[in-house]
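Visitor: Structure provided below as structure tokens; questions to follow.
The values are calculated or read from the model by the stated rules, or taken from the named source; none is laboratory data. Just so you know, these numbers come straight off a predicted model, no measurement behind them. Every residue, glycine among them, receives a Cβ derived from its backbone with ideal geometry; neighbour counts consider all protein chains shown. Just the protein is used for accessible areas: all its heavy atoms, side chains included, with ligands, DNA and RNA removed. Shrake-Rupley method; radii C 1.70, N 1.55, O 1.52, S 1.80 Å.
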Amino acid sequence: MAVNLSLLAGAGWQFFDDNGVPLSGGKLYTYAAGTTTPAVTYTSVTGLTANTNPIVLDSAGRVSAEVWLTSTASYKFVLKTSTDVDIWTKDNIYGPSSAADLAAFIASLAASSGSSLVGFVESQAGAVVRTVESKLRDEVSVFDFMTTAQIADVKAGTLLLDVTAPIQTAVDSAISVYFPPGAYKLTATIRISKSYTSIKGDPDFPYFHINPLIGPAFKIIPDGTGLNEFSNIENIAVWADGMPSYLPPSSTNCAILVNGGGGASANLVTRAQLKNIRLIGFGTGIFAVQHTNTLFERIFMENHTDWSGVTGFTSANKYIGICFDGTPFSAGGISPNASAEIVGCLFNGSFAPNNVQASGFFMTGPDIRDLFFDRCETVNGNFGWYIESSGTGAPDYNCDIQIRRPIIDLFSQAGIYILNCTKPGNITINGGYIAPSLSTPASELACIWIENSTNVAVTGGVQLLGFNNSTTTDNGVFVKNSFNCSITGNLVCNCTYGVSLQGSSNNTIVGNVVNAEETGLETTPLLYDAIRLIDTSSYNVISSNIVNGRSVSYPYDRGINIEVNSVNNVIASNTVNENSVTTPYVVGDTRNMFSRTTAADAIIQASTLTFSSTAGQMVFLGNSATYPYVFKDGGGNIIAGINNLGAFVTAPLP
């Protein structure tokens, strides 16, 4: 039995009465704390011999032996005179801990259960007491799974020790894992396959380093064949140690993979979130396929080394920010990128090797739909957005790609490139700013290039800016072999060709402003056609547009140019400034219809309309009034008209 020396009356204690006189023959009674039940004390550390109870003091008021208390017991001491008159009572007396007891106590605190012995309460009113263990388990730190040496290596950023295994263990063991700032060396991909798993870096950003040839640093995938939902990666940076291969994007060639495939049903990753992430030095930042309702927010993708002098690559090599693979689980089934939202992400295409094709957001495959971009930005590179439907697949009647308020700066080929998107549904570009590269543009470029596609809408005040030099032809919007597209309410500035339709029909160009301005970088813009229809572009509507060149010295050559064999188009209510447009209207084929809003006055002046036709073609201008079209001289005097029978009548008109 363990006993401890009592701090009260333990060894050689002397007691006095209330007058300070030694308590000769006094009595010291011991009881269990809070009771009148006698409790045994002992004469020595052995705990074998009991003191008398009461302990009778000697003539000097001292205890005749030592007083040792049972280590697990609590005592009450009562001091009386020799005639049993009470002097005082002391309750809840414990023996002091021995060195062994103290060591055992320290060991219990240092044990894995030690935090369960310490209480904690939040300072706010109404808080409930719990243990420190419970509090600390609110969030798990990856350091909880690392050795002291590994933690030191991460903190120092020396990248000498591989920490892949403890990170994977932490992710597999906990729902939410916190990563303190530092540098983490990975030699394999970290797998996130359980629902609700969260990897959350410190706001100061932990950096994960991996050789890009190994594969992705992280992958969000299903748990076997089951669903993985609400997984989260936030506040981290992933750094490529070495030059990437720049192979086309794939599940192995990226920094982060989101792939819900591989199971018995489609899109087994759902409602995942990737937020506030830097991806540095990878050929492809994120590769995503077969997922639903994923949020990509504030993803920053860039290079860390200038590889632009490296040769041996071709345009088949890719540098991509985020790739959305349009390969579905089954033809006609759910979209492989269903309802994905991409918000506030930025791609910098600088420093890619020579000839590598750089694109901020890359969508390809037979089923590209249900993607919603908001306030994303690209700078440098060949394309801001590259959207191509490729391969075979069943038509989908819910195709919906929305690009809202993009900022696309310094592209070299097309700000937004849309190719072969012929399925029902629509692609909408709403607002934003698009401007080409000032240094290395392609020989022909377009802010928005639409080819062999249908149902594309460019609207909401998109600013489309041109940059001209002696070797570059730039377009605001170029629509080639496409149908049912709408170019509405946009601002096109300093483009060689503002809006072009080539071999395209059933489109509308309505309410746009096509103009030219002097800028610090472009003092002599090269201006040909503000709006043009070429190569059999028919059944289109060109209405309510405003065309204005920069000045008399730098005019648009032609305001609206309708070339031969572009027929059955309606050109109505456009405003062309003849002071800054050399030939406001050129109609190369007369099988088109011009209309005006009132019959009160002439709306086309002598210098503003040029008709050309081959022999035998009819010139049809209208029959809504007696003289629906009249011609004036420079002073505003009527000189001729065309009556409702199509006959040309010279002034004075009857």
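Visitor: The conditions are (1) within 29 Å of the chain's Cα centre (by Cα); (2) of a type in the set (Val, Ile, Thr); (3) at pLDDT 95 or above, and Thr454 fails exactly one of them. Which is it?
Guide: With (1) within 29 Å of the chain's Cα centre (by Cα); (2) of a type in the set (Val, Ile, Thr); (3) at pLDDT 95 or above applied to Thr454, the lone miss is (3).
Visitor: Exactly one condition in (1) assigned to a strand (DSSP E or B); (2) surrounded by fewer than 19 Cβ atoms within 10 Å (Cβ to Cβ); (3) touching a residue at least 40 places away in the same chain (Cβ under 8 Å) is false for Gly391; which is it?
Guide: (1)
Visitor: Let me ask something else about it. Step by step: first the residues of the range 542-561, then only those that are within 14 Å of Tyr497 (Cβ to Cβ) and touching a Gly at 6+ places or on another chain (Cβ under 6 Å), then the one that is modelled with the lowest pLDDT. Which residue is that?
Guide: Filtering first and then ranking leaves Tyr556.
Visitor: Counting only residues that are free of Cβ contacts under 8 Å to residues at least 60 places away in the same chain and assigned to a strand (DSSP E or B), how many does the range 325-342 have? Before you say what the answer is, go through the steps one by one.
Guide: Kept after step one, since they are free of Cβ contacts under 8 Å to residues at least 60 places away in the same chain, are these residues of the range 325-342: 337, 339-342.
So of that shortlist, the ones also assigned to a strand (DSSP E or B) come out as 337, 340-342.
Number of matching residues: 4.
Visitor: In the range 265-299, which residues are aliphatic (A, V, I, L, M) and either open to solvent by 20 Å² or more (accessible area, probe 1.4 Å) or in a loop (DSSP other than H, G, I, E, B) (or both)? So that I can check it myself, show each step before the final result.
Guide: Here is the first cut: in the range 265-299, the residues aliphatic (A, V, I, L, M) are 266, 268-269, 272, 274, 277, 279-280, 286, 288-289, 295, 299.
Once the filter is applied, which keeps residues that are aliphatic (A, V, I, L, M) and either open to solvent by 20 Å² or more (accessible area, probe 1.4 Å) or in a loop (DSSP other than H, G, I, E, B) (or both), the range 265-299 yields Ala266, Leu268, Ala272, Leu295.
Visitor: So which of Gly95, Gly126, Gly114, Gly157 is open to solvent by 40 Å² or more (accessible area, probe 1.4 Å) and not polar (S, T, N, Q)?
Guide: Working: Gly95 fails: open to solvent by 40 Å² or more (accessible area, probe 1.4 Å); Gly114 fails: open to solvent by 40 Å² or more (accessible area, probe 1.4 Å); Gly157 fails: open to solvent by 40 Å² or more (accessible area, probe 1.4 Å).
Matching residue, one of Gly95, Gly126, Gly114, Gly157: Gly126.
Visitor: Also, I was wondering about something else. Filtering the range 129-154 down to residues that are open to solvent by less than 70 Å² (accessible area, probe 1.4 Å) and outside any helix (DSSP H, G or I), which residue is farthest from Ile192 (Cα to Cα)?
Guide: Among those that are open to solvent by less than 70 Å² (accessible area, probe 1.4 Å) and outside any helix (DSSP H, G or I), it is Thr131.
Visitor: Is one or more of the residues making up the range 212-224 modelled with pLDDT under 95 and outside any loop (DSSP other than H, G, I, E, B)?
Guide: Yes, because at least one residue in the range 212-224 is modelled with pLDDT under 95 and outside any loop (DSSP other than H, G, I, E, B).
Visitor: Here are some conditions: (1) modelled with pLDDT under 95; (2) open to solvent by less than 10 Å² (accessible area, probe 1.4 Å); (3) not basic (Lys, Arg). Asp367 meets all but one. Which one does it not meet?
Guide: (2)
Visitor: State all residues of the range 1-32 that are farther than 18 Å from Asp86 by Cβ, among the small types (Gly, Ala, Ser) and assigned to a loop (DSSP other than H, G, I, E, B); if no residue qualifies, say none.
Guide: Ala2, Ser6, Gly10, Ala11, Gly12 - these are the residues of the range 1-32 that are farther than 18 Å from Asp86 by Cβ, among the small types (Gly, Ala, Ser) and assigned to a loop (DSSP other than H, G, I, E, B).
Visitor: Quick one: would you say Arg550 is of a type in the set (Lys, Arg) and farther than 25 Å from Gln413 by Cβ?
Guide: On the way: of a type in the set (Lys, Arg): yes; farther than 25 Å from Gln413 by Cβ: yes.
When the stated conditions are applied, Arg550 passes them.
Visitor: Restricting to the range 33-60, give me the number of residues that are surrounded by fewer than 18 Cβ atoms within 10 Å (Cβ to Cβ), assigned to a loop (DSSP other than H, G, I, E, B) and not charged (D, E, K, R). Break it down into steps so the answer makes sense when it comes.
Guide: Taking the range 33-60 first, the residues surrounded by fewer than 18 Cβ atoms within 10 Å (Cβ to Cβ) are 33-38, 40, 44-46, 48-50, 52-54, 56, 58-60.
Still in the running and assigned to a loop (DSSP other than H, G, I, E, B): 33-37, 40, 44-46, 48-49, 52-54, 58-60.
Next, only the ones that are not charged (D, E, K, R) stay: 33-37, 40, 44-46, 48-49, 52-54, 59-60.
Residues in the range 33-60 being surrounded by fewer than 18 Cβ atoms within 10 Å (Cβ to Cβ), assigned to a loop (DSSP other than H, G, I, E, B) and not charged (D, E, K, R): 16 in total.
Visitor: Just to be sure I understand, how many residues within the range 334-385 are under 20 Å from Trp307 (Cβ atoms) and out of contact with any Cys (no Cβ under 6 Å at 6 or more places or on another chain)? Let's see the steps before the verdict.
Guide: In the first step, residues of the range 334-385 are kept if they are under 20 Å from Trp307 (Cβ atoms); the result is 346-360, 362, 378-383.
Still in the list and also out of contact with any Cys (no Cβ under 6 Å at 6 or more places or on another chain): 346-360, 378-383.
Final tally of qualifying residues: 21.
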